[in-house]
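Read-outs: derived from the displayed coordinates by stated rules, not from any lab. These figures come from a predicted structure and were not determined experimentally. Here the Cβ is made from the backbone with ideal geometry for all residues, glycine too, and neighbour counts use every protein chain on show.
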Amino acid sequence: QLQASGGGLVQTGGSLRLSCAVSGLTFRNYVLGWFRQAPGAEREFVGKITRSGSATYYTEAVKGRFTISRDNARSTVYLQMNSLKPEDTAVYYCAATTTIYTRADSDENYSHWGRGTQVTVSS
């Protein structure tokens, strides 16, 4: 199971840190990703992190503002979000996959999902 937390209401330019605690899986075997879904929009890829945590990749819209990290000892993945914009408003989901890292941009390749946490950025 994946349980995301840390969402909330923040002003433009503010920061939030999302956490996703993973249980029931061998955490280090999974590539982890973050996705988001805004009202009326399709779910979109935000970023991913390798099994070891040595590499990350982000969608262009969040590069330089968002950072994904993981703590394999705690079975937790994080999404640090800085310089938030109103267009970042969405429900954020963490997900886990055993697929190869290069294929971990598509939600179709993820087998385990958290329930999501709401992030609202006010202008």
Which of Gln118, Val77, Ile100, positive extreme of dipole for the range 47-123 (C-beta unit charges):
Val77
Highest-MSF residue in the chain out of Gly40, Gly14, Gly24 [GNM, Cα springs under 10 Å]:
Gly40
If the viscosity is 0.692 mPa s and the temperature 37 °C, what Stokes-Einstein diffusion coefficient in µm²/s follows for the chain when Rh is the Kirkwood radius over Cα pairs?
233
Just the number: Rg to Rh for the range 19-81, Cα atoms, Kirkwood Rh, two decimals.
0.99
Run the quick spin-label model on Arg103 and Asp71: label points 7 Å from Cα toward the beta carbon, then report their separation in nm to one decimal.
3.2
Taking K and R as +1 and D and E as -1, what net charge do the other residues with C-beta under 12 Å from the C-beta of Leu18 add up to?
+1
